[in-house]
1. Using helices alone, what [θ] at 222 nm do you get for the chain, with -39,500 (n - 2.57) per DSSP H run of 4 or more residues, divided over all residues and rounded to the nearest 500?
2. In square nanometres and to one decimal, what's the mean projected area of the convex hull around the Cα atoms of the stretch 108-186?
3. Would you kindly calculate the translational diffusion coefficient of the chain, applying Stokes-Einstein with the Kirkwood radius from alpha carbon pairs, for 25 °C and a viscosity of 0.890 mPa s, and quote it in µm² s⁻¹ without decimals?
4. Over the Cα atoms of the stretch 62-213, each weighted equally, I'd like the Debye log10 I(q)/I(0) at q = 0.13 Å⁻¹, rounded to two decimals.
5. What is the extension gain from Lys44 to Ser87, computed as 0.36 nm multiplied by their sequence separation minus the C-alpha to C-alpha distance, in nm to one decimal?
6. Just flag the trypsin sites (Lys or Arg not before Pro) in the stretch 111-203 sitting in loop per DSSP whose Cβ has no more than 14 other Cβ atoms within 10 Å.
7. May I ask for the equivalent-ellipsoid semi-axes of the stretch 141-251, computed as the square root of five times each C-alpha gyration tensor eigenvalue and listed largest first in whole Å?
8. Express as a percent, rounded to the nearest 5, the fraction of DSSP beta bridges in the stretch 24-103 (both residues included) that run antiparallel.
Amino acid sequence: MKSVSSAPAKVILFGEHFVVYGGKAVLCSINRRIFVESEITGDKIIVSSALGSLETPVNSRIESVDSVFRPIIFLAQKALRQFSSNSGIKVSVRSEIPSGVGLGSSSACCVAAASSIFGLFARPSKEEILKNAIEAEKTIFERTSGADTNVCTYGGIMEYSKDGIKKMDLNPSFKIVVANSKMAHSTSQVVAKVKKFKEDHPDVFSTLCDNESSLIEEALEDLKRNDVVSLGIKMRVNQAHLEKIGVSNQTLNSMVSLLNGVAYGAKITGAGDGGCVIALVNGKNLDKTLSVLDSKYDCFSAEIDTVGVQS
Ligand code: PMV
């Protein structure tokens, strides 16, 4: 028997970086997915994807698995133990989500894999899938906040803060254009850079945190009213805050400024210093927005995914 599951990518609409210092962030899942197919077979755990393949004994020590597939090996081992199986598991991953550019591919993979692998033995609830996915992600990223895994599991638009996560019951009329700068970035390095900025300019940073908090409260109202024009303006302001803390660069600035000429608003999504920018659009300006960045960048349009993990 094969068990197939998928989970969506995510973007951060508002609040990246400031959320690290206690603010809110607004995340939403988009309709680009990662698919995981599992099968009980043989006596080993075998994982394959476009990134390569790995074969390990079922009882290998998880700390010794030096691979991007470590979370999947963890999930397979946990499921085999939990359901007292002596068999092996074969897992294959197919992704529509570019990796390493802030679109949550690793969290989506953990969520889809938790659903697919545990689905070989039972029908896990979304709560169980999320719990296992977070445990799996912690094998490679110990300090994960769980925000990405949450939005990938439940789908839709979510408010996230250190106090927890709240799904918003919305019917958004907008779409998102995602443009990949193809510049690799390291979230932890960019977070460290912002920490330095905060230490060097405590007053400026504190004012920006306050401004970002007020901006997000207003943006949440715009979201409830489906006011795409006002929301776009808020995105531009959020981008200005991100530029002030030094996480944008010339390439991202010029992408954002081109997109701002046609879309309602544009900004970095995620850590910055590379990765992706997003633009807020609807049917009126979608095509123009997609065509404004030349073929140097990968651009695609996305809709809000309201489904989350699916099997
Ligand atoms: O680039 P991403 O999608 O991993 O987002 C990072 C978001 C930050 O606020 C910069 C860091 C964090 O842990 O919240």
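The values are calculated or read from the model by the stated rules, or taken from the named source; none is laboratory data. Here the structure is a predicted model, which means the values were calculated and not measured. Virtual Cβ from ideal backbone geometry, glycine too; neighbours counted across all protein chains shown. The protein model used for the area step is the full one, side chains on, heavy atoms only, and it has no ligands, DNA or RNA in it. Shrake-Rupley method; radii C 1.70, N 1.55, O 1.52, S 1.80 Å.
1. -12500 deg cm²/dmol
2. Averaged projected hull area, Cα only: 7.2 nm².
3. Values: Rh = 19.9 Å.
The calculation lands on 123 µm²/s.
4. -0.76
5. Working: separation 43, 0.36 × 43 = 15.48 nm, distance 0.74 nm.
Between Lys44 and Ser87, full extension yields 14.7 nm more.
6. Arg143, Lys162, Lys182
7. After scaling each eigenvalue by five and taking roots: 24, 19, 16 Å.
8. For the stretch 24-103, the DSSP antiparallel bridge percentage is about 75.
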